[in-house]
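The values are calculated or read from the model by the stated rules, or taken from the named source; none is laboratory data. As the structure is a computational prediction, the values presented were derived from the model and not from experiment. Cβ atoms come from the backbone with ideal geometry, glycine included; neighbour counts cover every protein chain shown. Quick note on the areas: whole protein, heavy atoms, side chains included, nothing else; ligands and nucleic acids left out. Shrake-Rupley method; radii C 1.70, N 1.55, O 1.52, S 1.80 Å.
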Amino acid sequence: DALVTKKLTEGVKHGINYNADGSVTFVFYDKDTAGKSHQYCYIVGDWNEWTRKTEGAMYYDGSQGCWWITLDGFDADKEYRFQYRLGNTSGTDTYVSDPYTEIVYDQWNDQYIAGVPAFPEGAKQLVSAFQINKPEYAWKHKDFKVEDKNDLVIYEMLFRDFTTSQDIEGAMAQLDYIENLGVNAIELMPVQEFDGNDSWGYGTHAYFAMDKVYGTRDDYKAFIDACHQRGMAVFFDVVYNHATGVHPYAALYWDDSVNNVTESNPWFFTTPTHPYNVYHQWDHSNPMFREYVKKNLEYLIKEYKVDGFRFDLSKGFTKDPYRIESYNSERVGYLKEYRNHIKSVDPNVVMICEHFVEDENYDLARADIKVWRN
């Protein structure tokens with residue numbers, strides 16, 4: 001097991017890349033604050049019995065800080081599950097999913113969700129998946145736009161508690177009721193993949209995957225489509241202050257002895273910078289993380305036709321623990337950067353911040369950001 005260097009193919013992005021010739025290129029970033037990577041990385045999956053085989057050994061491009069490999073021979077209509085196994089010759093492997101995967105399979109929790117395939121033998125913890133010919137949802141109301149951002153009657157909904165069935169199907173059956181209240185926007189409490197199956201959703205660990213406990217990816221799209229049919233927007237409550245320890249970027253540089261990310265983790269603070277934090281706090285001063293957030297926002301707008309976002313605990317986007325309640329130009333800058341990116345994708349999409357820093361609220365409002373207030 002030794003690091004094999006090879007220049008990354010031009011034009012590929014982090015995550016899962018579908019190539020014109022039917023091959024798939026996988027790219028996974030691994031460089032800590034000291035510029036070090038793991039000594040090896042293997043991709044394992046349904047096609048190689050979930051074992052470390054020579055043909056699954058990934059190349060490392062030190063200039064890009066990425067492991068990568070291009071594989072072919074896949075059935076384009078079949079979904080394949082996979083994960084990365086990284087390690088050093090002196091230790092045990094670290095098992096991680098791809099941070100850009102659109103679906104996560106969970107060793108601990110999937111067994112309690114009806115209709116989810118059995119967790120693959122030989123896999124561990126969380127696994128990713130891909131499908132070359134991914135089925136496309138046929139949108140019926142794809143041209144919906146929020147008509148007036150200043151005239152929103154928002155209904156905050158937790159799928160778990162809204163109906164006895166605790167899922168999207170049950171919520172769909174109640175949309176006439178919601179519409180008759182005079183609501184013109186539904187804000188879903190976090191639905192990106194979270195720890196466990198029974199939660200408010202703020203323990204996010206995969207940002208490009210919708211949590212399966214409420215339904216399939218098509219179920220989420222059908223819900224949004226049905227809301228648009230009734231003239232109602234759909235907002236996502238998004239959690240970019242923190243993630244749980246099973247997020248790939250947390251698990252990659254992790255210290256079991258203290259149950260925390262290591263000091264060399266470039267994505268997270270070892271010690272939170274503010275007293276409101278839960279789980280592990282993202283470092284928004286890392287430009288690579290801001291790119292990750294922007295890619296995620298763009299994906300949700302394009303893939304799910306989301307009409308807006310409520311940023312949970314946005315005042316936590318700071319690395320200065322002594323200025324959490326006072327004006328912080330860096331924090332304002334991050335939020336404006338996210339707003340500008342959203343507008344570049346779709347200027348009609350609404351951005352709301354749970355912020356509670358009065359001096360900053362005025363700046364955010366002038367930047368076309370709504371502020372969460374009592």
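Taking K212 as the anchor, which aspartates and glutamates have their alpha carbon closer than 12 Å to its alpha carbon, excluding any fewer than eight residues away along the same chain?
Partners within reach: E102, D106, D110, D167, E193, D195, D198.
Using a Gaussian network model on the chain with a 10 Å cutoff between Cα atoms, which of P120, P321, P248 fluctuates the most?
P321
With +1 on each Lys and Arg Cβ and -1 on each Asp and Glu Cβ, how big is the dipole of the range 324-374 about its Cα centre, in debye rounded to the nearest 20?
On the way: 7 positive and 10 negative charges, 46 e Å.
About 220 debye.
So with the 1.4 Å probe, I'd like the accessible area per residue for the chain, rounded to whole Å². Write down the numbers at each step before the final one.
Details: 16650 Å² over 374 residues.
Averaged over the residues of the chain, the accessible area is 45 Å².
Where the only charges are on Cβ atoms (+1 Lys, Arg; -1 Asp, Glu), what is the dipole of the range 230-374 about its Cα centre, to the nearest 20 debye? Please report the intermediate quantities before stating the final value.
On the way: 17 positive and 21 negative charges, 113 e Å.
Dipole magnitude for the range 230-374 comes out near 540 debye.
Under the Karplus relation 6.51 cos²θ - 1.76 cosθ + 1.60, θ = phi - 60°, what is the ordered set of whole-Hz ³J(HN,Hα) values for the range 334-347, x standing for Gly and Pro?
Using θ = phi - 60°, the values come out as 4, 5, 5, 4, 5, 4, 4, 5, 4, 5, 5, 7, 7, x Hz.
Within the accessible area of the chain, what % is carbon and sulfur when the probe is 1.4 Å and the other protein chains stay in place?
Heavy-atom surface of the chain belonging to carbon and sulfur, 1.4 Å probe: 46 percent.
So for the range 169-324, taking the charge dipole from beta-carbon charges (+1 Lys/Arg, -1 Asp/Glu), which of G215, F194, I324 sits furthest toward the positive end?
Working it through, the farthest residue towards the positive pole turns out to be I324.
Among T101, F268, A226, which residue has its Cα furthest toward the positive end of the charge dipole of the chain, with +1 on Lys/Arg Cβ and -1 on Asp/Glu Cβ?
In the chain, that residue is F268.
Can you list which of the GluC sites (Glu not before Pro) found in the range 262-351 are DSSP loop residues with at most 15 other C-beta atoms within 10 Å?
In loop regions of the range 262-351 (DSSP not H, G, I, E or B), the sparsely surrounded GluC sites (Glu not before Pro) are E263, E325.
Could you tell me which of rounded, prolate or oblate describes the range 10-168, using a ≥ b ≥ c as the square roots of the eigenvalues of the alpha-carbon gyration tensor, with rounded for a/c under 1.5 and, failing that, prolate when a/b is larger than b/c and oblate otherwise? Don't jump to the answer; show the numbers that get you there.
Values: a/c = 1.79, a/b = 1.61, b/c = 1.11.
Note, shape of the range 10-168 comes out prolate.
Restricting to Cα pairs below 8 Å that are 6+ residues apart, what does the relative contact order work out to for the range 168-285? Please round to a whole percent.
It rounds to 23 percent for the range 168-285.
Under a GNM of the chain (C-alpha, springs under 10 Å), which listed residue has the highest mean-square fluctuation: L152, L188, L71?
Of L152, L188, L71, the Gaussian network model singles out L71 as fluctuating most.
Explain nothing, just the number: relative contact order of the chain, from Cα pairs under 8 Å at least 6 residues apart, as a whole percent.
12 percent
Spelling out what I want: for every residue of the range 52-63, take phi, set θ = phi - 60°, compute 6.51 cos²θ - 1.76 cosθ + 1.60 (Karplus), and round to whole Hz; glycine and proline get x.
6, 10, 3, 5, x, 6, 8, 7, 10, 10, x, 5
Quick query: amide H of A129 versus all other amide H atoms, modeled in the peptide plane; which residues come in under 5 Å with a sequence gap of 5 or more or a different chain?
Those lying under 5 Å, H to H, from A129 are F82, E102, I103.
Return the label of the correct value of log10 I(q)/I(0) by the Debye sum over Cα atoms at q = 0.11, 0.15 Å⁻¹, as calculated from the structure shown, out of [x] -0.90, -1.24; [y] -0.81, -1.45; [z] -0.97, -1.39.
Among [x] -0.90, -1.24; [y] -0.81, -1.45; [z] -0.97, -1.39, the one calculated here is [y].
Under the Karplus relation 6.51 cos²θ - 1.76 cosθ + 1.60, θ = phi - 60°, what is the ordered set of whole-Hz ³J(HN,Hα) values for the range 121-131, x standing for Gly and Pro?
Computed from phi, the couplings for the range 121-131 are 5, x, 7, 9, 6, 10, 10, 9, 8, 8, 8 Hz.
Taking square-rooted eigenvalues a ≥ b ≥ c of the alpha carbon gyration tensor, is the range 249-357 rounded, prolate or oblate, where a/c under 1.5 means rounded and, failing that, a/b exceeding b/c means prolate?
Since a/c reaches 1.5 but b/c is at least a/b, the shape of the range 249-357 is classed as oblate.
Any idea what the dipole of the chain comes to, in debye rounded to 20, about its Cα centre with Lys/Arg Cβ at +1 and Asp/Glu Cβ at -1?
780 debye
Here are some pairs, K124/K336; K13/K305; K36/K305; K134/K336; K36/K295; which of them have Cα atoms lying more than 28 Å apart in this structure? Spell out each step's value before the answer.
Working: K124/K336 39 Å; K13/K305 22 Å; K36/K305 39 Å; K134/K336 34 Å; K36/K295 25 Å.
Those over the limit are K124/K336; K36/K305; K134/K336.
Go through V153, V4, A243 and say which Cα lies farthest out towards the positive end of the charge dipole of the chain; charges sit on Cβ, +1 for Lys and Arg, -1 for Asp and Glu.
The residue sitting most towards the positive pole is V4.
Straight-line reach from K319: which aspartates and glutamates have a Cα under 12 Å away, not including same-chain ones fewer than 8 places off?
D283, E330
In a Gaussian network model over the chain where Cα atoms closer than 10 Å are linked, find which of H242, H341, H284 has the largest mean-square fluctuation.
Checking each option, the largest mean-square fluctuation is seen for H341.
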